[in-house]
Amino acid sequence: MATSSVRGWVFWGFWEVASLALLTILTTSLDDLSTAAQTFPQFVYRMRNYAIVSLVVAAYLPQALLHLSSVSGMKRHRTAFLECLHERLFAASYGRMDTENYRVSLFTPAFRLGWRARVPYILRPKLRLSVRSTKLHPISKLTWDMDESKAGRFDGVAGYAFATGLVLQLHDLPDYDGGTVGTRREYCKRTYITEEKAEKLNRRSRSYMATAIRDERGVAVAVLVLESTRPDGLKNLKDEELDREARHLQKLFL
């Protein structure tokens, strides 16, 4: 983000506070000058609070805007990487991705704001969809519990890969949508999800590959997930290939 844009945002914030103060003064004086004189100390006290808040916002707003701009840039780079990876591994024809049978996704830890007895609190971080290679289902409300996965109660394919650090391969998964109750239970057991979550999936793939992305300290910071609606759609891929792509993607997190 350009410096002029940051200065524009800061100027806008100060202008809003100044306008609010001027409007309050004019409104109060026009209503009743005597009342304004009596309430002036209270008004000054209230405006002091506004001034403190405005100064705090002005101090952190440029950094916040620069951070958002940086995050947006990283997200574009990651999306472009997944698009290239998808096209290279699962091209239906030259220059065209096979979006019907394959999908590449990146999950990252994210905090979420919750409410309890009308009091906001920060929920523990969970793995949430960050970017996806195809235009289909670019947003997902499902999250995968990191703490549960680390405790051995794996939550989804992404949770397993994040907690264990192993390359997960799942092939020949049963047909959840066209199967029986037993088939659906087997699908949930092999993919580490509950039937409730399985019903919320926008695509119940028949094969998966997943691996954790680590930073320079060796700490898991994301999970790369490849999936296919075909039972044998990922059998030709080897662990070494996925590990190599994970190392390339790791550079976008350093």
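When the label point is put 7 Å from the Cα of residue 140 along its Cα-to-beta-carbon vector, which residues of segment 205-249 have a backbone N closer than 13 Å?
Residues passing the 13 Å test: 205-211, 223-229.
Could you put 237, 242 in order, starting from the residue whose Cβ has the fewest other Cβ atoms within 10 Å?
So the residues, fewest neighbours to most, are 237, 242.
Please give the FRET efficiency for residue 124 paired with residue 244, using the beta carbon to beta carbon distance and R0 = 30 Å, rounded to the nearest 0.05.
Computed FRET efficiency for residue 124 and residue 244: 0.40.
Only Cα pairs under 8 Å and at least 6 apart count here; give the relative contact order of segment 90-250 as a rounded whole percent.
Taking the mean separation of contacting Cα pairs over the length of segment 90-250, I get 22 percent.
Based on a Kirkwood Rh over C-alpha pairs, give the Stokes-Einstein translational diffusion coefficient of segment 131-231 at 10 °C and viscosity 1.306 mPa s in µm²/s.
The Stokes-Einstein estimate is 112 µm²/s.
Which number do you get for Rg(Cα) / (2.2 N^0.38 Å) in segment 133-186?
Compactness ratio reported: 1.37.
How far apart, in nm, are two points set 7 Å out from the Cα along the Cα-to-Cβ line at residue 80 and at residue 147?
3.8 nm
What spacing in nm lies between the two simple spin-label points modelled at residue 232 and residue 166, each 7 Å away from Cα in the Cβ direction?
It is 2.5 nm.
The numbers here are math on the coordinates, done by the rules we state, and not lab data. Here the structure is a predicted model, which means the values were calculated and not measured. Don't worry about glycine lacking a Cβ; one is built from the backbone with ideal geometry, like all the others, and counts go over all protein chains shown.
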